[in-house]
Structures are given as structure tokens and as C-alpha cells.
Amino acid sequence: MRILVTGGSGFLGGVCRDLLAQRRDARVFLLRSGHRADYANTSAASYTAPSSLNANDLALLLEPLAITHILHLGALSSAEMCEHDPNEALRANVTLTHMVANYASRIGAHLTTVSTDLVFDGAMATSSGFSEQDIPHSISVYGLSKLSAERATLQTPSNTVVRTSLLYGHSPSSSKGVLGWMENAFREGNPLSLFADEYRTPVHVVDAARALLAITEHRLSGLWHCGGPRRLSRTEFGELVARGLGYDTSLIRPVSRISSPTLPARPEDVSLNSERLWSTLAERPREVLEALRPSR
Ligand SMILES: NC(=O)c1ccc[n+]([C@@H]2O[C@H](COP(=O)([O-])OP(=O)(O)OC[C@H]3O[C@@H](n4cnc5c(N)ncnc54)[C@H](OP(=O)(O)O)[C@@H]3O)[C@@H](O)[C@H]2O)c1
């Protein structure tokens, strides 16, 4: 496999880079946006894409690499930033994906694009979570831009979209994700307000990255949900993280999203039903306590 990764400096990208670096049968190339600088632990060749690049330029830039697979993680991934700068959200999440999809189809490479549970608005959630058959409807600029990116990717039916949920864990990236700020608060003994009425299916970043790479390698086409094993409120998740990391859960203060409005508005329940993916891969994502258990 000769794989081109976008967003390789990011939280998920750092873990994917690490996993790919352990494989002898993968040649890894990174297409960089220049939005982050940390590429400490990679031996992969990297190419910087100016924002004006189009699919033709990209083909010329990368022609000699004989890419067979593309893992597209690059995005403006903060829902808050997308809401404040819709033009940049459109450029980073939609235009860039169109360009990568056109390039993939031009060179005959398989494209996997990572998307989000926030393509759902949380209405009509069921206790088993949203499945791939459920019709998405987003209420945020981020969710809408990722939905457009999904459509651009799936214009080629052999391509793949993987929707993931809240990712947690440690990454070699400078981006530390949700665990970063939770751990800081616990360490410093600061109270942590977490929504008791917002539900997702958190998945450890290593479990999600492994699944993504398997999907990519085996060219599993179409739409896949890649959430964790359990629907958890932010409060329940925080309590498990505190226990997993050996901190006191009494610092956690349950609050309601209704009484703390945010921009964009936070959907109540965007849990994913990911049974199809995990049974196809014959794997299970780890429970939070298991995933955070120190390795011996
Ligand atoms: N983290 C989560 O909980 C979560 C949940 C659901 C879905 N996702 C999706 O998973 C993917 C990876 O997320 P992540 O958490 O790893 O994100 P991240 O840490 O923010 O990394 C995203 C990467 O995209 C590139 N990038 C940043 N801003 C950009 C811009 N304006 N234009 C173009 N490229 C830009 C950068 O990589 P380079 O410097 O290498 O170009 C950056 O490191 C995204 O598609 C995100 O939407 C994440």
C-alpha cells in the first residue's frame, strides 16, 4: 500500500502516522496544509499544498509517488471555529475534499474520508444510536461542511466515508483532544463542568485509527460508523476518565446544555450505532476504563 495522508499533524493523524510507521508493507506520504508544525516523529515524505492548489496541480506534484490509497483527515475540526469562520470551514472541509476526491479518481486511488457524528442534529435519536441508514441533518456549520465532504467523497461509489464520534486518548500530535483539558483540570484540582444531557459514543483514538486503516487497506466502500462501545453523557464519560486516570470524580459538576447555551448549539444525542463496522472487522472498541488502563 502506498498511502497519502492529509491532516497527518492532527490528533487522529498523529496516531495513524504512528501505526503506519510500524508497518513494513506501507509507504506513507503526507500532504500538509501548513496549519500545524509538529511532525517530529515521522520518516514519511511530506508535501505542502498551497491553498490555491487544484486536483491537476496535485496530480503533477505527486505524480511519481504511485499512490494507491488516500486517507483524508485534514479538516477544520473545531465546530466553534467553523461557526465563527464559515468561509474557512467551506474551504478546509468542502473544497479541499472535492480536490482530494478529484485527484483520487484521476489516479485511481481509493479514498477514505473521515467524518463526524455531528452530521446528525440529535433529534430522533434512539437508544441504539444512529445507524448508517439514518438520514443526517445537521444544525452546525461544521456538520453541514462535513456532510458536503461526505457527498464529494461518495460521488465515487468505491470510496469510503467513516463517521467517528468523540475521540479520546493520547496522540503524538500537539493536539491533545478532550483528554488533554480534562486531565489538566483534574491535575490542578479545578472543578470540571460537564453536560449531563449530551450523549455521544466516545471511542479511543487508537481503536478508531486501527479501524480506519483496516477499512482503508481493504477498501471497504461506502459509509461506515465508527463509534465506541457505549452511549455516554459527557458527565458519565468524565467520571470514567477520572477513574481511569486515577483522579477524584468529585471535581465533576454535572450541568445542563439547556442552561449553558453554546455556539453552535450542541445536539443532545448523536450516539452512533457502529455494530456493522465492528462485526465486519471482528473487533471490539475498548471500554473507557480498559482503554485508559496503564500498559505494563
Ligand atoms: N477529534 C474528534 O473528536 C473527531 C470526531 C469526529 C470526527 N473527527 C474528524 O477526524 C478528522 C481528524 O480530526 P482531528 O481531531 O485529528 O483534527 P485536528 O487535530 O484538528 O487535525 C486536523 C488536521 O487538519 C489540517 N488542518 C487544520 N486546519 C486546516 C485548515 N484550515 N485547512 C486545511 N487543513 C487543515 C492539519 O494537518 P496538517 O498540518 O498535516 O495539514 C491539522 O493537524 C477530521 O476530519 C475531523 O473532522 C474528529
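Before moving on, here are some points about what is shown:
- Rounded to the nearest 10 degrees, the angle from helix 11-21 to the longest Cα principal axis of the chain is 50 degrees.
- Using a simple spin-label model with pseudo-atoms 7 Å out from Cα toward Cβ, ARG106 and ARG24 lie 3.6 nm apart.
- Relative contact order computed over the range 8-94 (Cα-Cα under 8 Å; 6+ residues apart), in percent: 24
- Cβ-Cβ FRET estimate between ARG219 and GLU290, R0 fixed at 41 Å, reported to 0.05: 0.85
- Going from the fewest other Cβ atoms within 10 Å to the most, the residues MET182, MET81 appear in the order MET81, MET182.
- Using a simple spin-label model with pseudo-atoms 7 Å out from Cα toward Cβ, SER256 and THR48 lie 5.0 nm apart.
- Each stretch of four or more DSSP H residues adds -39500 (n - 2.57); spread over every residue of the chain, this sum gives -10000 deg cm²/dmol at 222 nm.
- Per residue Cα convex hull volume in Å³ - calculated over the range 162-255: 98
- The range 80-202 - Rg (one decimal) and Dmax (whole number), Cα, Å: 16.8, 54
- Alpha carbon Rg of the range 136-199, scaled by the compact-globule rule 2.2 N^0.38 Å: 1.55
- Here ALA37 and LEU263 are evaluated by their C-beta separation; at R0 = 25 Å the FRET efficiency comes out at 0.30.
- Annotation: amide H of SER46 within the under-5 Å range of LEU30, sequence separation 5 or more or interchain, hydrogens built in the peptide plane.
- Temperature 4 °C, viscosity 1.567 mPa s: under these conditions the Stokes-Einstein estimate for the range 136-292, based on its Kirkwood radius over C-alpha pairs, is 77 µm² per second.
- Under the Karplus curve 6.51 cos²θ - 1.76 cosθ + 1.60, θ = phi - 60°, whole-Hz ³J(HN,Hα) for the range 58-73, x wherever Gly or Pro sits: 5, 4, 5, 4, 9, 3, x, 7, 6, 5, 10, 9, 10, 10, 9, 10
- Extension gain, SER78 back to GLU275 (0.36 nm per residue minus Cα-Cα distance, nm): 68.2 nm
- The range 112-158: equivalent-ellipsoid semi-axes (sqrt of 5 x gyration tensor eigenvalues, Cα, Å): 20, 13, 8
- Cα-derived Rg to Rh of the range 44-143, Kirkwood definition: 1.04
- Kirkwood-type hydrodynamic radius, the range 215-267: 14.4 Å, calculated from all non-identical alpha-carbon pairs.
- Cα convex hull volume per residue for the range 200-296 (Å³): 118
- For the range 248-296, the Kirkwood radius over C-alpha pairs fed into Stokes-Einstein at 10 °C and 1.306 mPa s yields D = 107 µm² per second.
- For the chain, the convex hull spanned by the alpha carbon atoms encloses 130 Å³ per residue.
None of the figures in this text is laboratory data; all of them are computed from the coordinates on show. Nothing here was measured: the structure is a model prediction, and the numbers come from that model. Every residue, glycine as well, gets a Cβ built from its backbone with ideal geometry; the counts of neighbours run over all protein chains shown.
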